[in-house]
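Structure record follows, encoded as structure tokens.
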Amino acid sequence: MGSRPAGAGKAGVWFAYFLIYVVWGSTYYAIGVALKGFPPFLLGAIRFSVAGLALLAWCGFRGEAVFRWKLIRTSAVSGIVLLFIDMAVVMLAQQYLGSALVATIASSTAIWIVALDVPAWKQNFRSAATLTGILTGFLGVVVLYAEQLRTDAAGGHGTYGVLILVFGCISWALGTLYAKYRSSTAEEVNAFAGSAWQMLFASAMFWICSFAAGEAGRTDVTEIPASAWFSLAYLIVFGSLMAYSAYVWLLKVRPAAEVGTHAYVNPPVAVLIGMALGKEHVTPVQIAGLAVILLGVMLANRRKKAGDVKARR
């Protein structure tokens, strides 16, 4: 994967990196804006239904065999365990926390993946850098949680958001490890057709939750602000279609370790966009927590194969 095919021009590679670095980082803010008009489960249902159908149609147009039972079955597990739970907790957490803080805590997922990778414990915990990284990452999360406890004492509810996010990070890590060790079609599932099915199965779960929560019945589309509609369109086109397609393509033309660096860039981008566009107040403690978590992620993954890195947004 280190070589670059003839069709992978330098401009195309740079544009693809812009998509997975900046656009994926900006989706945290876009989700926050969309939630001002859409309830969380309905937002996820519409987003991934449209994106999944569009991507599946594109794969069919290219002549890919998209209706293969083994691919569909495996994609269903990945779509529900990974994509649905991950996006659900992000959107639920953003009802209590700003997009900058959500992105910061979500960046600790890489720490959980290393910590819960039981078959690799012997190798990982033999490395001082990996062990230090895990402890450092957990320290960053504890710092942010402690600050939210102080905020809640003054009448806030941020600890709910932190707990929801931590649960989501653990779930994503377990799902990633399941796909790594149990899926015999991992390469196909992470290709375009597999990604389309993941989105569609995730959307099905979002629709079920939306109707169960009564969201669709109490949502008046005429009262949804234009900014929320624009953010939804942005999430579908740029976040789910363009950025994810760029990620899959980059894994084919660039080293996986290089592509995986998006995990370090997305949180700072989200923080900066949240401050600039959302006028979110980011405290020095939150900046310190972000720095500590990212340091932990870099240390913990120093000897890991970056092929284990998963796309989140």
Original post:
Hey, any hits in segment 269-288 for a residue that's in contact (Cβ under 8 Å) with a residue 40 or more places away in the chain, among the small types (Gly, Ala, Ser), open to solvent by 30 Å² or more (accessible area, probe 1.4 Å) and in a helix (DSSP H, G or I)?
Top reply: yes
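Looking at this structure, is ALA16 open to solvent by less than 10 Å² (accessible area, probe 1.4 Å), in contact with a Pro (Cβ under 9 Å, 6 or more places away or on another chain) and in a helix (DSSP H, G or I)? Lay out the reasoning, then the answer.
Numbers: open to solvent by less than 10 Å² (accessible area, probe 1.4 Å): yes; in contact with a Pro (Cβ under 9 Å, 6 or more places away or on another chain): no; in a helix (DSSP H, G or I): yes.
Answer is no for this residue.
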Subject >> Of residues in segment 92-141 being surrounded by fewer than 21 Cβ atoms within 10 Å (Cβ to Cβ) and small (Gly, Ala, Ser), the one nearest to the chain's Cα centre (by Cα) >> reply: ALA120
**OP:** Consider THR185 carefully, then state whether it is in contact with an Asp or Glu (Cβ under 8 Å, 6 or more places away or on another chain), at pLDDT below 80, under 30 Å from PHE15 (Cα atoms) and open to solvent by less than 40 Å² (accessible area, probe 1.4 Å).
**Re:** no
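Can we say VAL89 is touching a helix residue (DSSP H, G or I) at 6+ places or on another chain (Cβ under 8 Å) and open to solvent by 40 Å² or more (accessible area, probe 1.4 Å)?
Values: touching a helix residue (DSSP H, G or I) at 6+ places or on another chain (Cβ under 8 Å): yes; open to solvent by 40 Å² or more (accessible area, probe 1.4 Å): no.
So VAL89 does not fit the description; no.
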Original post:
For ALA228, which of the numbered conditions (1) open to solvent by 30 Å² or more (accessible area, probe 1.4 Å); (2) more than 18 Å from the chain's Cα centre (by Cα) fails to hold?
Top reply: (1)
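What is the residue count in segment 44-81 for residues that are surrounded by fewer than 23 Cβ atoms within 10 Å (Cβ to Cβ) and part of a helix (DSSP H, G or I)?
21
The values are calculated or read from the model by the stated rules, or taken from the named source; none is laboratory data. Computed from a prediction, not measured in an experiment: that's the story for all the values here. A quick note on method: Cβ atoms are made from the backbone with ideal geometry, for glycine too, and the neighbour counts reach across all protein chains shown. Note: areas computed on protein heavy atoms with side chains; ligands, DNA, RNA excluded. Shrake-Rupley method; radii C 1.70, N 1.55, O 1.52, S 1.80 Å.
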